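Scroll down for the structure; my scribbles are underneath it.
The values are calculated or read from the model by the stated rules, or taken from the named source; none is laboratory data. These numbers were taken from a predicted model, which means no experiment stands behind them. Cβ sites come from the backbone with ideal geometry, for glycine too, and all protein chains shown count toward neighbours. With ligands, DNA and RNA removed, areas are computed over all heavy atoms of the protein, side chains included. Shrake-Rupley method; radii C 1.70, N 1.55, O 1.52, S 1.80 Å.
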Amino acid sequence: MANIRDLAKEAGVSVATVSRVLNGYPYVSEEKRKAVWEAVEKLNYTKNIQAVHLAKGKTRIVGVMLPYIHHPYFSAVIEGISKEALRCGYQLLLFQTNYEVKRELEALERLRMKQMDGLIVCSHEADWEVFAAYREDGPIVLCERAVGHDFFTVYIDHYQAFAQALRYLLDKGHRRIGYCIGRTTGPNSQARAAAYRDVLGSVGVIPQPQWIFDGCLFLEDGKRVIERWMDMKERPSALLVTSDQVAAGIVLHAQRVGVHIPEELAVIGFDNDPLAEMLGMTTVALPHFALGEKAFRLLHHWLETGNVPRTQEELPARLIVRMTG
């Protein structure tokens with residue numbers, strides 16, 4: 001059976017370099033790293049690597065729980081996480097849950113069974129109490145605000161982001177304002193709903209439940225929004241849309257059916273997706289990539305130092321005005 005010296009000889013590097021590569025340490029040139037892994041494959045060293053992980057008590061794997069891999073918001077967060085994971089020599093294990101609690105529990109059970117070193121939760125459906133039950137099984141970092149709960153989180157201030165866009169519309173003279181959202185549950189959705197009530201209430205406007213469009217996640221959902229909007233007797237004059245993909249679908253379908261944007265319907269998207277720039281849409285830029293980077297850095301620091309953080313860190317958003325109305 002091949003040993004670490006055999007790998008070093010095959011790869012043409014030192015034993016120390018092989019050790020650094022196998023244990024996921026940074027600061028090894030890409031050329032030498034590639035040579036070591038080619039030697040690992042050639043000499044069938046897989047079982048030995050697993051033994052090293054077991055001996056160290058670490059897998060060098062971090063789990064990432066997210067509802068949708070192909071949604072632009074979560075794709076950008078994953079990019080930030082994966083950049084830092086690669087830099088630190090970790091692999092990612094993705095759990096796409098579709099907001100199904102059963103699948104979320106499967107990810108948490110993997111953590112309990114020590115099949116990964118820690119877990120980053122981008123969004124979830126399960127109650128906070130569920131996550132509390134796994135707190136002692138390994139580090140968990142959440143990408144959502146957890147008011148009143150003792151979790152480590154790094155999150156985007158969705159209340160501030162929503163309020164910023166609402167005030168812009170109010171300044172433009174709009175009072176009949178609705179919004180489109182992926183789901184009405186969850187901390188981020190609740191923060192947006194609170195901003196909607198608070199900001200409109202501050203100018204004496206009563207929020208209209210019928211102007212809240214649920215289940216808006218992808219480009220094609222924009223067509224459904226416009227069709228429903230056209231059927232309304234009293235229509236909102238402006239919409240906040242929590243995804244630029246959906247906002248683009250609204251704008252494109254509105255053009256097909258002769259609805260003038262922004263004269264008849266003003267639209268503000270979220271995410272600062274390239275589509276927003278291409279279509280000249282006003283949007284709220286959310287720091288998705290930075291969110292992913294920060295989440296992994298904090299988890300990595302936790303894993304490397306053993307220091308358990310008990311704080312909640314907030315990332316701001318900013319409005320990018322392109323289309324007035």
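Before moving on, here are some points about what is shown:
- Protein accessible area in the stretch 103-248, 1.4 Å probe - carbon and sulfur %: 48
- Efficiency of FRET from Cβ geometry, SER14 and LEU93, R₀ 25 Å, rounded to 0.05: 0.25
- Full-stretch length increase - GLU313, ASP198 - with 0.36 nm per residue and alpha-carbon distance subtracted: 39.1 nm
- Protein heavy-atom accessible surface, 1.4 Å probe, per residue over the chain: 48 Å².
- Residues GLU234 and VAL321, FRET efficiency given R0 of 25 Å [Cβ-Cβ distance, rounded to 0.05]: 0.40
- When the chain is treated as a GNM with alpha-carbon contacts under 10 Å, the residue of ALA126, ALA276, ALA238 showing the greatest mean-square fluctuation is ALA126.
- Average Cα contact separation per residue, the chain, under 8 Å, 6 or more apart, as relative contact order %: 18
- ASN44 paired with ASP127, simple spin-label distance in nm, labels 7 Å along Cα-to-beta-carbon: 5.1
- Rounded to 0.05, the FRET efficiency of the HIS301 and ASP214 pair, given R0 = 35 Å and the Cβ-Cβ distance, is 0.40.
- Accessible area per residue was computed with a 1.4 Å probe on protein heavy atoms; GLU106 scores about 100 Å².
- Under 5 Å, built H, 5+ apart or other chain: amide partners of VAL284: GLY269, PHE270, ASP271, ASN272, ILE320
- Listed candidates (i) 41, 22, 18; (ii) 27, 23, 22; (iii) 46, 21, 16 - label of the one calculated as semi-axes √(5λ) of the Cα gyration tensor in Å: (iii)
- Cut-off under 5 Å, modelled amide H: who pairs with PHE152 long-range: LEU142
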